[in-house]
Amino acid sequence: MRQTVFVSKGVPQRAAELLKKQGYRVVRGTSAAREGRGAAAVLCLLTDKVDAKTMDAIGPQLKVISNMAAGTDNIDVAAAEKRGVSVANTPDVLTETVAEHAVGLLLVLSRRIVEGDWFVRKGKYKGWKPDLLLGQELRGKTLGIVGYGRIGCRTAEILQKGFGMKVVYHDIKGSGVHEACGAKKISLQELLEQSDAVSLHVPMLSSTRHLISKKELKAMKKTAYLVNTSRGPVVDEKALVASLERNEIAGAALDVFENEPRLAPGLAKLDNIVLTPHIASASKEARDAMAKLAAKNIIEVLENL
Ligand code: DGY
């Protein structure tokens, strides 16, 4: 009998096509708990919460949950493990795209590109001035990467090789393979104190929730920027709003939010912040590769049972 794969509604059609071509019965829907009953696999998005209750509703034949994302924080991985269900994700294929977005956000901040765009649109541009919207050069400045995995390391490489930044990093894991990027590992406190730009690349764990809060923001230089392309709750958004209102740091750029898609009160009113709607991995190349890999991950698990 053909096995059923529940494919969440927003997953690109090409992923469903790949599974169909492989002979699976594909059911598309919005709720894995309701429409995914009897499925051997679930292909979901980071916006789909897959908890123990959902897994039990799908049934004991469930073998794999494949997330079309690098993160797996929307899935109760411990509950899956307990039920013998594999959890798969799509790392690597989005590394370049997310790193490019982090670099882009830093450039937008340091050269005040969004502010400049609004300035022109609002008709405020009345002629060239030597001190109009002065930003900061990146060459020779210190970049602090928090979470030195694939994306953190690639972001560091682009900014080091292309823009002449010095790189320091903090990671709870050892240095190992990332020594290749030639960066120095230091404590989070030292990183915050030394960096001219801090870029966050940690996974969402209980230990990384509010990793950047009031105390950490206070430790940063007044001239420093904060960039977050990891997960929203890594930054205490309320504390960030307060810090930016008092100009305790020079600016921040967020691609992710604590309570997506809602924003903390006051966040959108600030001039010294740049906001993008969780699009760090949104290149055609990355999203296409993520969809294909998420489908392939299911095929690999089900074919190798
Ligand atoms: C991921 O894959 O975890 C990204 O946040 C998606 O944009």
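The values are calculated or read from the model by the stated rules, or taken from the named source; none is laboratory data. What you see is a predicted model; the values in this text were computed from it and never measured. Virtual Cβ from ideal backbone geometry, glycine too; neighbours counted across all protein chains shown.
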Inter-residue pairs, beta-carbon under 8 Å, first closer than 16 Å to residue 212 by Cα and in the stretch 251-267, second of a type in the set (Asp, Glu) and within 15 Å of the ligand (Cβ to nearest atom), 6+ apart:
264/258
For the stretch 9-28, the count of residues that are surrounded by fewer than 13 Cβ atoms within 10 Å (Cβ to Cβ) and in contact with a Ser or Thr (Cβ under 7 Å, 6 or more places away or on another chain) equals 1
Matching option when the condition is in contact (Cβ under 8 Å) with a residue 40 or more places away in the chain, under 30 Å from residue 61 (Cβ atoms), of a type in the set (Gly, Ala, Ser) and surrounded by fewer than 21 Cβ atoms within 10 Å (Cβ to Cβ), among 295, 282, 289:
289
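To keep it simple, each residue is scored yes or no on (1) of a type in the set (D, E, K, R); (2) away from the ligand (no atom under 16 Å from the Cβ); (3) closer than 23 Å to residue 286 by Cα; (4) touching a residue at least 40 places away in the same chain (Cβ under 8 Å).
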| site | (1), (2), (3), (4) |
| --- | --- |
| 10 | no, no, yes, no |
| 14 | yes, yes, yes, yes |
| 24 | no, yes, no, yes |
| 39 | no, yes, no, no |
| 64 | no, yes, yes, yes |
Exception for residue 75 within (1) touching a residue at least 40 places away in the same chain (Cβ under 8 Å); (2) crowded, with 17+ Cβ neighbours inside 10 Å; (3) within 30 Å of residue 150 (Cβ to Cβ); (4) not basic (Lys, Arg) falls at (1)
Taking the criterion of being in the same structural domain as residue 195 (by TED's automatic domain parsing), among the polar types (S, T, N, Q), in a helix (DSSP H, G or I) and modelled with pLDDT of 95 or more, would at least one residue in the stretch 136-151 satisfy it?
no
Does residue 303 qualify as being farther than 28 Å from residue 64 by Cα, more than 16 Å from the ligand (Cβ to nearest atom) and either at pLDDT 95 or above or among the aliphatic types (A, V, I, L, M) (or both)?
no
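Check the stretch 217-226 and report whether any residue there is of a type in the set (Ser, Thr, Tyr), within 17 Å of residue 187 (Cβ to Cβ) and under 19 Å from the mean Cα position of the chain (by Cα).
Initial filter on the stretch 217-226 (of a type in the set (Ser, Thr, Tyr)): 223, 225.
Among the residues that remain, those that are also within 17 Å of residue 187 (Cβ to Cβ) are: none.
Taking every residue of the stretch 217-226 in turn, none turns out to be of a type in the set (Ser, Thr, Tyr), within 17 Å of residue 187 (Cβ to Cβ) and under 19 Å from the mean Cα position of the chain (by Cα).
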Do you know which residues across the stretch 99-136 are exposed (fewer than 11 other Cβ atoms within 10 Å of the Cβ) and under 23 Å from residue 194 (Cα atoms)?
134
Tell me whether the stretch 29-36 contains one or more residues that are in contact with a Ser or Thr (Cβ under 6 Å, 6 or more places away or on another chain), under 25 Å from residue 200 (Cα atoms), of a type in the set (A, V, I, L, M, F, W, C) and surrounded by 19 or more Cβ atoms within 10 Å (Cβ to Cβ).
no
Restricting to the stretch 247-280, name every residue that is among the small types (Gly, Ala, Ser) and assigned by TED's automatic domain parsing to the domain that holds residue 228.
250, 251, 252, 253, 264, 266, 268
Reported set for the stretch 108-153 where residues are closer than 30 Å to residue 203 by Cα and hydroxyl-bearing (Ser, Thr, Tyr) is 110, 142, 148
